[in-house]
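See structure below.
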Amino acid sequence: MLNKLSFLAGVGAGYVLGARGGRGQYDALVQRSTSALQNPSVQSKIAEAAQAVKAQTPPQAHGLVDKAVGAVSGGTAPASTSTSPSASTTGVTPTTDGRIG
């Protein structure tokens, strides 16, 4: 019961603080995070992390790694991570809702 009460208090506090911040604070946060993600050193670290994950995963999962990198990078995967085989060569068929079928 105490956990539920703590959770509800946290949600209430987050709501109040978020409402006070308003749209201007949200827009500023989005702008700062976007500019940070576009930084070349951050992009190189994302590419390094993707390569490390690909080294530890089977080739069939490389498309998912590229998709995750694209989501983190703002829709474009760094060039060094686009070496995954296509779905037709791996036998993996993505579905329309993003799952592998």
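Only one entry in ALA36, ALA79, ALA50 is at pLDDT below 75, under 19 Å from the mean Cα position of the chain (by Cα) and of a type in the set (A, V, I, L, M, F, W, C), namely ALA79.
For THR57, the criteria (1) at pLDDT 85 or above; (2) open to solvent by 70 Å² or more (accessible area, probe 1.4 Å) hold in every case but one, which is (2).
Inspect all residues belonging to region 14-31 and state whether any of them is without any contact (Cβ under 8 Å) to a residue 40 or more places away in the chain and under 30 Å from HIS62 (Cβ atoms). Yes, the conditions are met somewhere in region 14-31.
The values are calculated or read from the model by the stated rules, or taken from the named source; none is laboratory data. Every value quoted in this text rests on a predicted model; they were computed, and no experiment measured them. Glycine also receives a Cβ, built like all others from the backbone with ideal geometry; neighbour counts cover every protein chain displayed. Note: areas computed on protein heavy atoms with side chains; ligands, DNA, RNA excluded. Shrake-Rupley method; radii C 1.70, N 1.55, O 1.52, S 1.80 Å.
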